[in-house]
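What follows is a short report on a single structure.
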């Protein structure tokens, strides 16, 4: 029989070994391509605020982190099923919270807005009745907030898989309005030529905060807890503010 003190040492050693094993595992972070948040450069390097935060987290935790850009719905599904460890950048919704474990604090903020063709007089005053009859585009899988979701049920809505397609359709006159955010839209506009300029119109649709999210399964809880602690330290020591300025991203705090 092992003496109690020696037994305790054996248990402690075993737990330490398990922790080291867990710390040494590779992590997979997934998401769609989000300007300034999660991007793949021509040289194969992943960049953006989300990547920078996770690289620092991985370094602190002594783990390896790998990245993969996929269609948005596939990325969500991978994390829901535990096939990936981290989802970069989802807006929180009650539906998503049922299947994903969100980090405690968001790491960026977007204003959701309507874009219209320059010179096309569209009356938008925040009342959805004012745009009834307009042809409206939105991005597939994006969350625009509960008010938008409810108020647009009876409107003429077209969904697009990528922003570029929505912008081109709006510019050609196939749409009257495109619901999107300025961060992603401006990035695409800088890369393409369109026949007629488009511009955001006020007021904004809603404000949405983006998070890191993790699988809901209990075995991923320690990872989320460690990330929450790490991210809080980044906020408190000013590193987070510095990174926000570097990537020109609006921060929630």
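Where a number appears in this text, it was derived from the coordinates with a stated rule and is not lab data. Here the structure is a predicted model, which is why all the values come from computation and not from measurement. Cβ placement follows ideal geometry from the backbone for every residue including glycine, while neighbour counts extend to all protein chains displayed.
Once the Cα atoms are used to define both axes, helix 4-24 deviates from the longest principal axis of the chain by about 30 degrees.
Counting beta carbons within 10 Å around each of 76, 192 and listing the fewest first gives the order 192, 76. Can you match Kirkwood radius over Cα pairs in Å to one of these, [x] 20.1; [y] 18.1; [z] 21.2, based on a calculation from the structure here? Entry [x]. Note on 30, 79, 118: ascending count of other Cβ atoms within 10 Å places them as 118, 30, 79, the fewest first. A straight line joining the Cα centroids of region 46-66 and region 119-142 runs 38 Å. Sorting the segments 86-98, 123-135 by their residues' average number of neighbouring beta-carbon atoms within 10 angstrom, most packed first, yields 86-98, 123-135. Here is how the number arises for the chain: DSSP H runs of 4 or more residues each give -39500 (n - 2.57), the sum is divided by the residue count, and the result at 222 nm is -11500 deg cm²/dmol. Counting other Cβ atoms within 10 Å as a rough exposure proxy, the listed residues 202, 78 run 202, 78 from fewest neighbours to most.
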